[in-house]
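Everything on this sheet refers to the single structure shown next.
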Amino acid sequence: MEFSGEADHVHILFEGHPSLEPAKFVNNLKTVTSRLTRRDHGEHLNRFYDKPSLWSGSYCLLTTGGAPIEVIKQYIQSQDAK
């Protein structure tokens with residue numbers, strides 16, 4: 001629903017089915033994006049980054065609770081404005 005980030009992390013707002021396991025989703029997202037980024041931009045990345053994986057093993061997953069989705073979207077959009 002929304003995506004933004006900073007130099008060392010990203011913010012993603014997504015809507016998932018109740019049966020979705022958030023930890024598995026994040027792990028799959030990180031695995032696939034790392035593989036595709038290395039495939040498509042590996043030559044460039046190798047000049048600066050020699051680790052076998054792109055992402056760290058950590059992540060923070062938050063639920064939006066009762067906050068209006070528009071407020072969350074605005075927060076995410078504002079992250080790259082700093």
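Derivation of every value follows stated rules applied to the coordinates shown; laboratory data play no part. Here the structure is a predicted model, which is why all the values come from computation and not from measurement.
General observations
- In the chain, helical runs assigned H by DSSP with n ≥ 4 each contribute -39500 (n - 2.57); averaged across all residues and rounded to the nearest 500, the mean residue ellipticity at 222 nm is -14500 deg cm²/dmol.
- Compactness relative to 2.2 N^0.38 Å, alpha carbon Rg of region 2-81: 1.26
- Spatially proximal aspartates and glutamates relative to Lys30 (Cα-Cα < 19 Å; intrachain offsets below 8 disregarded): Glu2, Glu6, Asp8, Glu15, Glu21, Asp40, Asp50
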